[in-house]
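The values are calculated or read from the model by the stated rules, or taken from the named source; none is laboratory data. Just so you know, these numbers come straight off a predicted model, no measurement behind them. Positions of Cβ are generated from backbone atoms using ideal geometry, with glycine treated the same way; all protein chains shown enter the neighbour counts.
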């Protein structure tokens, strides 16, 4: 399929916001297009994340990936957290997720970032398969924890 992956700017907030709302619904959150779009708007306008959006040949948003730059204290280096990856249902199995992941890797290389880290749902076998095909390694040393406040 003929697609184009570009870095999202303020011109793409509406399209990314729509996809982000679908992504949240995939993870069982209630639809809230206004909040989803506002969240994306703040990330883009405040340069708090880097988002790449994939457009179909008809210029419909087909998927996105959102990256957060942070630090790895032990490796004394920067790292990217690939926090969100989503492909619109009708565009799945066309290589869009792979293209977005490769774009994220290219971005990391250009920024001289040595690690891209991600996590996914335990039952998301399709995503896990893609990550492993792209040489991501499952962490077997650490468990992740969180504290809800």
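Please find, among 34, 90, the residue that is loosely packed, with under 13 Cβ neighbours inside 10 Å, modelled with pLDDT of 95 or more and either part of a helix (DSSP H, G or I) or in contact with a helix residue (DSSP H, G or I) (Cβ under 9 Å, 6 or more places away or on another chain) (or both).
Details: 90 fails: modelled with pLDDT of 95 or more.
The unique qualifying residue is 34.
Residues in segment 56-69 that are surrounded by fewer than 18 Cβ atoms within 10 Å (Cβ to Cβ) and under 15 Å from the mean Cα position of the chain (by Cα) were compared, and the one that is nearest to residue 11 (Cα to Cα) is 68. Applying the criterion of being touching a strand residue (DSSP E or B) at 6+ places or on another chain (Cβ under 8 Å) and more than 26 Å from residue 25 (Cα to Cα) to the residues of segment 113-147, the residue that is surrounded by the most Cβ atoms within 10 Å (Cβ to Cβ) is 113.
Somewhere in segment 51-72, is a residue in contact with a strand residue (DSSP E or B) (Cβ under 8 Å, 6 or more places away or on another chain), touching a residue at least 12 places away in the same chain (Cβ under 8 Å), more than 25 Å from residue 132 (Cβ to Cβ) and part of a loop (DSSP other than H, G, I, E, B)? Among the residues of segment 51-72, at least one is in contact with a strand residue (DSSP E or B) (Cβ under 8 Å, 6 or more places away or on another chain), touching a residue at least 12 places away in the same chain (Cβ under 8 Å), more than 25 Å from residue 132 (Cβ to Cβ) and part of a loop (DSSP other than H, G, I, E, B), which makes the answer yes. More than 14 Å from the chain's Cα centre (by Cα) and either at pLDDT 95 or above or farther than 27 Å from residue 140 by Cα (or both), is that true of residue 99? Judged against the criteria, residue 99 is not a match. None of 116, 109 is modelled with pLDDT of 95 or more, farther than 21 Å from residue 21 by Cβ and part of a strand (DSSP E or B) except 116. Filtering segment 1-24 to residues that are loosely packed, with under 14 Cβ neighbours inside 10 Å, within 15 Å of the chain's Cα centre (by Cα) and closer than 17 Å to residue 97 by Cβ leaves only 6. Taken residue by residue, segment 16-25 has at least one member that is touching a residue at least 60 places away in the same chain (Cβ under 8 Å), over 13 Å from residue 62 (Cβ atoms) and in contact with a helix residue (DSSP H, G or I) (Cβ under 7 Å, 6 or more places away or on another chain).
Identify the single condition in (1) farther than 16 Å from residue 23 by Cα; (2) touching a residue at least 60 places away in the same chain (Cβ under 8 Å); (3) surrounded by fewer than 17 Cβ atoms within 10 Å (Cβ to Cβ) that residue 99 does not satisfy, given that it satisfies every other one. Only one criterion in (1) farther than 16 Å from residue 23 by Cα; (2) touching a residue at least 60 places away in the same chain (Cβ under 8 Å); (3) surrounded by fewer than 17 Cβ atoms within 10 Å (Cβ to Cβ) is unmet by residue 99, namely (3). Within segment 73-87, being out of contact with any strand residue (DSSP E or B) (no Cβ under 7 Å at 6 or more places or on another chain) and either under 17 Å from residue 12 (Cβ atoms) or assigned to a helix (DSSP H, G or I) (or both) holds for no residue.
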